[in-house]
Amino acid sequence: MDSNTLFFFILSLFIGAILGAGMYFFLSRRNSGKSNNKVEATVLVERIEKVFKVVMAEGYFTEIYNYQNDKSIWNLINDKKKALVIAKAKVLVGYDFGKMKFHISETDKRIIIDFFPEPEVLSMDTDYKFYDIEQGWLNRFQSDDYTSILNEAKQTMNEKALQSDLPRIATNQVQLMMFQLAATMNWKIDLQLPETNRKELEEFSTYKPTDAGIDSLDWKKE
């Protein structure tokens, strides 16, 4: 290898090293302005149970909830915080058949119900929106405040659902389903309930127009 060839070879290595270092520096500076987010999620299954719960009625509710908290500072300044919460919920009411008590009489094909449970809220899908949030200098909203507001609003939704006509609809639906299923298999349902349980079932089975906020309809043919 002559001197000229050796010179150009060394010069090429030197230029390549400079270009490589410059490219690395450029790319590292370019990527330094980007955030590298890494999200890890771990799902833990705590418990799996077999249930026999059947949804019989579905209702939609909207609640307007006014929250206000007043805090007195040295009995001189009234520092308050308040918010308007609009809560919407999809409520599913039905029965947990695991709570039902019964026995079977195979001789005459009867399913004898000894205890009939009350309808209950099986599921509630809620959505909350906060409006007109105002807070003072020291009396400010914390994460615990939002949690408390949402829990109280959800509890109110649950109570309103049980006070509505959903439990009566669910009770009538479940009895209709049970009697029809038994009839298809040539069986009969025999309700032999204690007096207290029987009255509770009748209360849930009776439709009350005044509770539903409508009047009874008397259809007459002209």
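Laboratory data are not the source of any read-out in this text; all were calculated from the coordinates shown. Fair warning: this is a prediction, and the values are worked out from it, not measured in the lab. Backbone-built Cβ (ideal geometry, glycine too); neighbour counts: all protein chains shown.
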Between Glu195 and Asp132, what length in nm is gained on full extension when 0.36 nm per residue of separation is reduced by their alpha carbon distance?
-> 17.5 nm
Rounded if a/c is under 1.5, else prolate if a/b beats b/c, else oblate: with a ≥ b ≥ c from the C-alpha gyration tensor eigenvalues square-rooted, which is segment 134-213?
-> prolate
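Set the bar at 27 Å for Cα to Cα. Now go through Lys90/Lys188; Lys90/Lys199; Lys101/Lys199; Lys50/Lys160; Lys99/Lys129 and name every pair that lies beyond it. All intermediate terms of the calculation are to be shown ahead of the outcome.
Numbers: Lys90/Lys188 35 Å; Lys90/Lys199 29 Å; Lys101/Lys199 17 Å; Lys50/Lys160 29 Å; Lys99/Lys129 36 Å.
Among Lys90/Lys188; Lys90/Lys199; Lys101/Lys199; Lys50/Lys160; Lys99/Lys129, the Cα-Cα distance tops 27 Å for Lys90/Lys188; Lys90/Lys199; Lys50/Lys160; Lys99/Lys129.
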Binned at 5 Å starting from 0, the alpha-carbon pair-distance distribution of segment 116-163 in whole percents comes out as 4, 14, 22, 19, 14, 10, 7, 4, 2, 2, 0
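Count neighbours as other Cβ atoms within 10 Å of each site's Cβ, and list the chymotrypsin sites (Phe, Trp or Tyr not before Pro) in segment 130-183 that are DSSP loop with at most 16 such neighbours.
Details: sites: Phe130, Tyr131, Trp137, Phe141, Tyr146, Phe179; in loops: Trp137, Phe141.
Counting only loop positions with at most 16 other Cβ atoms within 10 Å, the chymotrypsin sites (Phe, Trp or Tyr not before Pro) in segment 130-183 are Trp137.
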Answer rounded, prolate or oblate for segment 37-178, using the Cα gyration tensor with square roots of eigenvalues a ≥ b ≥ c: rounded when a/c is under 1.5, else prolate when a/b is larger than b/c, else oblate.
-> prolate
